[in-house]
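The next block holds one structure in the form of structure tokens; read it before the comments.
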Amino acid sequence: MSLTTGAYSQAIINVTNLRLRTFIGFNPDEREKQQDVVINIEIHYPADKSFQTDNVADALNYKVITKKVIQHVEEGRFLLLEKLVADVVDICSEHPSVTLAKVTIDKPHALRFADSVSLSLEHRR
């Protein structure tokens, strides 16, 4: 049975290395100067209807989700990476058809001898 004739499948959307700038951290210099963050998003949703109809309305619109993430991150101020990641997970899992949203955010140059520090969180339905 092919996907277009009724086999159920989860689609996986990946947004890779979304590079943004935001205020992140609790040290005085971090609170005054924006820093780079690199965001990776994985979203699972049932795509069987969109396979069959080829209708945009039946698919999850990753562009809408990404625009919300960009706006929230660039306009926000965050003390902790945990808060930023949790907010992005919430945005990515807003749509009722999302069954899993996983977000990893890297904070490049956060540690002297490391390329970056990252934190991951996920939400499952």
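The values are calculated or read from the model by the stated rules, or taken from the named source; none is laboratory data. A quick note: this is a predicted structure, and the numbers were derived from the prediction, not measured. A quick note on method: Cβ atoms are made from the backbone with ideal geometry, for glycine too, and the neighbour counts reach across all protein chains shown. Areas reflect the complete protein model, heavy atoms only, side chains present, ligands, DNA and RNA absent. Shrake-Rupley method; radii C 1.70, N 1.55, O 1.52, S 1.80 Å.
When its C-alpha radius of gyration is set against 2.2 N^0.38 Å (N residues), the chain gives a value of 1.22. Each Lys and Arg contributes +1 and each Asp and Glu -1, all at the Cβ; summed about the Cα centre of the chain, the dipole is approximately 80 debye.
Expressed as a whole percent, the accessible area of the chain that falls on carbon and sulfur atoms is 52 (1.4 Å probe). Overall size of the range 20-78 from C-alpha positions, given as principal axis extents largest first: 53, 16, 13 Å. Computed from the C-beta positions of residue 50 and residue 82 and an R0 of 41 Å, the FRET efficiency is 0.75 to the nearest 0.05. Listed cross-link partners 33/67; 63/102; 33/63; 63/83; 63/107; 68/102 are compared with a 21 Å cut-off, the Cα-Cα value being larger for 33/67; 33/63; 63/83; 63/107. Working from Cα pairs under 8 Å separated by at least six residues, relative contact order for the range 55-125 is 26 percent. The residues of the range 18-121 have, on average, 60 Å² of accessible surface per residue, using a 1.4 Å probe with all protein chains present.
If a spin label sat at a point 7 angstrom from the Cα of residue 34 along the line to its beta carbon, no backbone N atom of the range 98-113 would be nearer than 14 Å.
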